[in-house]
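**Student:** The structure's right below; bear with me while I get my questions together.
The values are calculated or read from the model by the stated rules, or taken from the named source; none is laboratory data. Owing to the predicted nature of the structure, the values given are computational and were not obtained by experimental measurement. Cβ coordinates were reconstructed from backbone atoms using ideal geometry, including for glycine residues, and neighbour counts include every protein chain displayed. For the accessible areas, the whole protein counts, side chains as well, though only heavy atoms, and no ligand, DNA or RNA atoms are used. Shrake-Rupley method; radii C 1.70, N 1.55, O 1.52, S 1.80 Å.
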Amino acid sequence: MTTILPLKGRMAWQALEAHYAKVQKLHLRQFFGDDPIRGERMTTEAVGIYFDYSKHRITDETLTLLLQLAAESGLRSRIDAMFRGDKINVTEKRAVLHVALRAPKGQAIVVDGEDVVPGVHAVLDKMADFSTQVRNGEWKGYTGKRIRNIVNIGIGGSDLGPVMAYEALRHYSQRDLTFRFISNIDGTDLIEATHDLDAEETLFIIASKTFTTLETMTNAHTARDWLLKTLNHPDAVARHFVAVSTNVEEVAQFGIDTANMFEFWDWVGGRYSMDSAIGLSTMIAIGSEAFRAMLDGFHQMDEHFRTAPFDRNLPVLMGLLALWYNNFFDVQTMAVLPYEQYLKRFPAYLQQLTMESNGKHVTRDGTEVVYQTGPIYWGEPGTNGQHSFYQLIHQGTKLIPCDFIGFTQPLNPLGHHHDLLLANMFAQTEALAFGKTPQEVQAENIPAWLVPHQTFEGNRPSSTILLERLTPAALGKLVALYEHSVFTQGAIWDIDSFDQWGVELGKVLAARIIPELETEGKYPLKHDSSTNTLIRRYRQSKFR
Ligand code: G6Q
């Protein structure tokens, strides 16, 4: 076994530092001027995704060094360890096997002596059976009416994936079914999601890996009360509630028939679970065949990540580029800009995937890191963003690398809308890279005092990720692309990308304050003076 040095001790890291000093000021105008085929050369294509990374502030040498860093960081063996089912989530002592969720029948992945793939397919079959019954109206509510409304109750990983996938694949969804998602403990979420629904036609999916999460369980109990107010009999619960969980006891305790529980496993992290039973609402929306097509898309990207040489490996290249800016240019944030309205929730989904995974301050053995880890991800669909925050990306003082995501074929062809959409996307990548020089502005007869305002320095990097059509398979490929890019970065930083102690903390923090808000003032307050005063103010208003 080769020893892996701490990040800053790796030869490639040191070479990259020296290299950065040489190339940091070079301009994309010069790169493209010197190499007329850069825009063809610095691209790669795999599993139907065309990835153009030519508009990045890199030279061939940068890439060579980044790839060398990946090699010196043991990325290959880390990938193999994940796919083999090793317990690479070290702080929770768990395997990390979202890739098993999309492994085809017949492939074997062994965890603790057991091949997990047959279990995955058994749950998929059960989901398919249930989804079909809901979709074709065979699954009836307690009073015999067919189900028309599906409400997913879950939060974090048990919400963001289902919401994003539903929105992304809405084009393929069964239109006579209504889908709603409740996540927030704020009662408004539940009230607004249910106010116009008929309880007799409503099915709740309680999606919670642990089945103990405060928000989800509170919402689930309130939803049960809401249902029973109309249906008036405890037996109704079994017809109107199903569960997605790893916790059989709690599910049964709630009153859900465990025959209607869809299982998953502790080796599936919440933010990596949209392709597990957590995707039940997605499957009901688009049908089991389309869901399996999505899984196949995920699997194609998994295989690409596992087998492609790093210099043509999309997630590896993407991860290395993110690291280049994060660790050498000191970039703080990355924008994800889908030119596809159906992907409107994709940036929000990616925020959890990227930031919960790589927002870590110690390495796997607990040593404080001496370099930056996960950048902040954010974004909005184009062209909307162009009319707001793009100003800062073009002319602000911060460097923000962008991922532009587009599809050559529209799902809803309408006049020349799609040409206009993609023209905008391409134009943005061009303007960001090349800018507009003072001479170019002057040539337009702009008064001298306005020239600095209308000058664009350019040299703002972006990737362009182009696919043909937003199909279920394409969505699977895109999500897996980001999952493995996150993995690549985390492996090089030597952090545990699969735990989330910051989130666990949030789950217990409020517990102490809850009773203090629910009693009328006598409870002794032992917080700091700010928190005590806030609590008193709340109580005064509540018990006035
Ligand atoms: C994901 C996180 C977190 C989790 C939610 C919901 O990786 O762990 O977002 O998904 O806190 O947890 P439950 O599914 O257990 O309710």
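**Student:** Restricting everything to alpha-carbon atoms, can you work out Rg to Rh for the chain with a Kirkwood hydrodynamic radius? Please list the in-between numbers first.
**Tutor:** Details: Rg = 25.3 Å, Rh = 25.4 Å.
Here Rg/Rh amounts to 1.00.
**Student:** In terms of the Cα gyration tensor, with a ≥ b ≥ c the square roots of its eigenvalues, is region 1-144 rounded because a/c is under 1.5, prolate because a/b exceeds b/c, or oblate?
**Tutor:** Working: a/c = 3.50, a/b = 1.77, b/c = 1.98.
Oblate.
**Student:** Rounded to a whole number, what % of the accessible area of the chain do carbon and sulfur atoms account for, probe 1.4 Å?
**Tutor:** Details: 12540 of 23700 Å².
It is 53 percent, rounded to a whole number.
**Student:** What number comes out for the charge environment of F254, summing +1 per Lys or Arg and -1 per Asp or Glu over other residues with Cβ under 13 Å away? It would help to have the intermediate numbers written out before the result.
**Tutor:** Working: positive: R224; negative: D225, E249, E250, D257.
The answer is -3.
**Student:** Tabulate in residue order the Karplus-calculated ³J(HN,Hα) for region 110-123, using 6.51 cos²θ - 1.76 cosθ + 1.60 with θ = phi - 60°, rounded to whole Hz; enter x for Gly and Pro.
**Tutor:** Using θ = phi - 60°, the values come out as 9, 10, 6, x, 10, 6, 8, 5, x, x, 4, 6, 5, 5 Hz.
**Student:** Angle, helix 501-518 long axis vs. longest principal axis of the chain, Cα atoms, 0 to 90°, nearest 10?
**Tutor:** With rounding to tens, the tilt is 50 degrees.
**Student:** Ok, one more. Determine how large the accessible area of T408 is when every protein chain is in place; take a 1.4 Å probe and give Å² rounded to the nearest 10.
**Tutor:** Rounded to the nearest 10, that gives 80 Å².
**Student:** Given H placed 1.01 Å from N in the peptide plane, which residues other than close sequence neighbours of F262 have an amide H under 5 Å from its amide H?
**Tutor:** A243, V244, S245
**Student:** Starting with the highest mean, order 67-74, 105-112, 474-481 by the number of other Cβ atoms within 10 Å, averaged over the residues of each peptide. If you can, show how the numbers build up before the last one.
**Tutor:** On the way: 67-74: 19.1, 105-112: 12.5, 474-481: 25.0.
With the highest mean Cβ count within 10 Å placed first, the list reads 474-481, 67-74, 105-112.
**Student:** Nearest 10 degrees, 0 to 90: what angle lies between the long axis of helix 214-231 and the longest principal axis of the chain (Cα atoms)?
**Tutor:** 40 degrees
**Student:** Assuming a ≥ b ≥ c are the square roots of the Cα gyration tensor eigenvalues, decide whether region 349-448 counts as rounded (a/c under 1.5), prolate (otherwise, with a/b larger than b/c) or oblate.
**Tutor:** Cα axes put region 349-448 in the oblate bin.
**Student:** Which aspartates and glutamates have a Cα lying under 18 Å from the Cα of K477, excluding residues fewer than 8 positions away in the same chain?
**Tutor:** Those aspartates and glutamates meeting the cut-off are E45, D52, E167, D275, E289, D296, D302, E303, E340, D403, E468.
**Student:** Length gain on complete extension for the stretch A510 to Q133, per 0.36 nm per residue less the alpha carbon to alpha carbon distance? Intermediate values should be presented prior to the final figure.
**Tutor:** Working: separation 377, 0.36 × 377 = 135.72 nm, distance 4.00 nm.
Stretched out fully, the A510 to Q133 stretch lengthens by 131.7 nm.
**Student:** Distance between the C-alpha centers of region 160-181 and region 281-325? Whole Å please.
**Tutor:** Their Cα centres are 20 Å away from one another.
**Student:** Output the antiparallel fraction of DSSP beta bridges having both residues in the chain, as a percent to the nearest 5.
**Tutor:** Details: 13 of 43 bridges.
Given both bridge residues lie in the chain, the antiparallel proportion sits at roughly 30 percent.
**Student:** Expected output is a single nm value to one decimal: the length gained when fully extending between K145 and A21, i.e. 0.36 nm times separation in residues minus the C-alpha distance. What is it? Don't jump to the answer; show the numbers that get you there.
**Tutor:** Values: separation 124, 0.36 × 124 = 44.64 nm, distance 6.92 nm.
Separation in residues times 0.36 nm, less the Cα-Cα distance, equals 37.7 nm.
**Student:** Taking the alpha-carbon distance from K140 and a cut-off under 17 Å, which aspartates and glutamates remain once sequence neighbours fewer than 8 residues away in the same chain are dropped?
**Tutor:** Filter leaves D129, D176, D198, E200, E201, D235, D257.
**Student:** So how far, in whole Å, is the C-alpha centre of region 484-503 from the one of region 403-451?
**Tutor:** One Cα centre to the other: 35 Å.
**Student:** OK, next. Could you pull out every one of the lysines with an alpha carbon less than 17 Å from that of K507, ignoring same-chain neighbours closer than 8 positions?
**Tutor:** Qualifying lysines at Cα under 17 Å: K209.
**Student:** I want to make sure I understand the PRE zone here: with the label point 7 angstrom from the Cα of R76 toward its beta carbon, which residues in region 282-323 have backbone N atoms less than 18 Å away?
**Tutor:** Those under the cut-off are 303-317, 320.
**Student:** Next question. For every other residue with a beta carbon closer than 14 angstrom to the beta carbon of D196, add +1 if it is Lys or Arg and -1 if Asp or Glu, then tell me the sum. Walk me through the intermediate numbers first.
**Tutor:** Numbers: positive: R148, R180; negative: E192, D198, E200, E201.
Result for the neighbourhood of D196: -2.
**Student:** Per DSSP H run of n ≥ 4, the term is -39500 (n - 2.57); total these for the chain, divide by its residue number, and report the mean residue ellipticity at 222 nm rounded to 500 deg cm²/dmol. Walk me through the numbers on the way to the answer.
**Tutor:** Values: 22 runs with 247 residues, N = 544.
Helix-only estimate at 222 nm: -14000 deg cm²/dmol.
**Student:** May I ask for the distance between the Cα centers of region 1-77 and region 197-255, given as a whole number of Å?
**Tutor:** Computed from Cα coordinates, the inter-centre distance equals 50 Å.
**Student:** Still on this structure, please answer the following. What is the gain in length, in nm to one decimal, between D115 and D176 on full extension, counting 0.36 nm per residue of separation less the C-alpha to C-alpha distance? Please report the intermediate quantities before stating the final value.
**Tutor:** Working: separation 61, 0.36 × 61 = 21.96 nm, distance 3.90 nm.
Computed gain between D115 and D176 is 18.1 nm.
**Student:** Of K87/K126; K398/K436; K22/K360; K93/K126; K22/K398; K360/K398, which sit over 25 Å apart, Cα to Cα? Show your work: numbers first, answer last.
**Tutor:** On the way: K87/K126 28 Å; K398/K436 17 Å; K22/K360 30 Å; K93/K126 29 Å; K22/K398 20 Å; K360/K398 23 Å.
Those over the limit are K87/K126; K22/K360; K93/K126.
**Student:** Can you tally the net charge around A433? Count Lys and Arg as +1, Asp and Glu as -1, for every other residue whose Cβ sits under 10 Å from the Cβ of A433.
**Tutor:** Numbers: positive: R29, K55, R57, R460; negative: E430.
Here the count lands on +3.
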